[in-house]
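Beneath this line is the structure, given in structure tokens, with notes to follow.
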DNA sequence: TATTGTTATACTCTATAACTATA
DNA sequence: TATAGTTATAGAGTATAACAATA
């Protein structure tokens with residue numbers, strides 16, 4: 001029964017995700033970002049029409065939980081919020097935000113390359129399609 | 001750049017794990033268990049020599065965080081704690097714990113079967129080996 | 001009526017430090 | 001010296017309800 005647990009796809013998925021997140025969080029902490037911060041910076045890059053609600057829907061983050069996240073990015077002067085109309089605000093990168101995004105890209109791309117490299121070649125190309133089938 | 005995020009293995013891993021955990025948590029809540037509770041029940045099944053520290057090491061849960069978890073299982077009378085020596089306690093299933101384990105197995109096996117079934121056949125057998133390479 | 005942004009709140013999971021007692 | 005069990009605490013992520021203002 002003990003061994004059964006470690007053979008379950010769900011358990012392997014959980015442990016792999018936890019290990020990956022812990023490692024990525026450490027690397028992003030070196031540039032003073034949370035994982036969700038980095039996702040938001042990548043998502044709004046080159047756009048000027050994404051609202052807080054839009055971002056939340058795309059990243060599966062509740063509207064209410066976007067508030068402290070965007071406050072944090074705003075306090076670090078990485079984003080501005082520009083009125084789209086009298087109700088909505090667009091989240092856009094500042095100059096400093098674009099510079100930080102370049103750091104995010106370097107950390108992320110190195111990390112993702114190392115991640116894939118740990119997977120035996122015969123399984124490598126199957127991971128993303130298999131994972132996407134579980135949440136798309 | 002926005003599209004890049006959704007193509008990253010790390011991001012797919014995170015979203016797939018979150019979706020899986022949310023679904024599993026819902027099903028286990030129907031039998032009044034947290035995900036970690038179910039893991040512990042499966043791990044100690046048929047054994048009488050696993051300490052809290054042993055379980056924590058195997059499941060990657062800090063010793064300190066095992067305390068409320070085992071207190072919860074103990075309060076539900078699913079486990080007993082028997083002295084192994086004057087320092088350590090073995091976590092063992094009670095009669096009620098063995099009955100609950102049977103429910104856990106039914107929920108878990110149905111869930112894992114459905115999970116695998118969502119993955120296209122050509123990718124299915126690659127998921128667990130790929131995931132295991134990321135944390136083993 | 002539905003949606004946006006927000007406040008308040010609570011719960012789970014996780015991480016660290018420190019302490020006592022025993023190996 | 002190292003390990004087991006525990007307490008206390010803090011940070012991070014997440015979920016829900018409610019509100020005012022605007023679409």
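Every read-out reported here was derived from the displayed coordinates using simple, explicitly stated rules and does not represent laboratory data. Because the structure is predicted, anything quoted here is derived from the model rather than measured. Cβ placement follows ideal geometry from the backbone for every residue including glycine, while neighbour counts extend to all protein chains displayed.
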Problem set entry | Computed over the protein assembly as shown, Cα set: Rg, Dmax in Å | 21.5, 70
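Segment B:13-69: percent of C-alpha pairs farther apart than 17 Å? If you can, show how the numbers build up before the last one.
Details: 757 of 1596 pairs.
That tail contains 47 percent of the Cα-Cα pairs.
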Exercise. Can you give the three extents of the C-alpha atoms in chain A along their principal axes, from longest to shortest, in whole Å?
Worked result: 58, 28, 24
Exercise. Separation of segment A:98-136 and segment A:10-66 by C-alpha centroid, Å?
Worked result: 14 Å
For this session: Ignore the peptide's own chain and count Cβ atoms of other chains within 10 Å of each Cβ in A:36-46; give me the average, rounded.
Result: 3
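Looking at the square roots a ≥ b ≥ c of the eigenvalues of the Cα gyration tensor of segment B:77-131, which shape do they give, rounded for a/c under 1.5, prolate if a/b is larger than b/c, or oblate? Let's see the in-between values first.
Working: a/c = 7.60, a/b = 2.20, b/c = 3.46.
It comes out oblate by the Cα gyration axes.
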Exercise. How far apart, in nm, are the 7 Å Cα→Cβ label points at residue A:31 and residue B:96?
Worked result: 5.2 nm
For this session: Could you pull the copy-to-copy label distances for residue B:67, with points set 7 Å along Cα to Cβ, in nm to one decimal and sorted shortest first?
Result: 3.3
For this session: Along Cα-to-Cβ, 7 Å out, sits the label point; list in nm, shortest first, how far the one on residue B:124 is from those in the other copies.
Result: 2.6
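Hey, got the average number of other protein chain Cβ atoms within 10 angstrom for residues in B:94-107? Could the numbers behind the result be given before it?
Values: counts 0, 0, 0, 0, 0, 0, 0, 1, 0, 0, 1, 2, 0, 0.
Counting Cβ atoms of other protein chains within 10 Å of each residue's Cβ and averaging gives 0.
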For this session: Take every Cα pair under 8 Å in chain B that's 6+ residues apart, average their separations, divide by the length, and report that relative contact order as a whole percent.
Result: 21 percent
Exercise. If you put a point 7 Å past Cα along the Cβ direction, how far is that point for residue B:19 from the same point in each other copy, in nm, smallest first?
Worked result: 2.3
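Taking 41 Å as R0, compute the FRET efficiency from the Cβ-Cβ separation of residue A:63 and residue B:62 and round it to 0.05. Write down the numbers at each step before the final one.
Details: r = 32 Å, r/R0 = 0.79.
Taking R0 as 41 Å, the efficiency between residue A:63 and residue B:62 is 0.80.
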Exercise. When the helix-only estimate is applied to the protein assembly as shown (DSSP H runs of n ≥ 4, each -39,500 (n - 2.57), divided by the residue count), what is the mean residue ellipticity at 222 nm, nearest 500 deg cm²/dmol?
Worked result: -21000 deg cm²/dmol
Problem set entry | Number of partner chain Cβ atoms within 10 Å, mean per residue of B:113-123 | 4
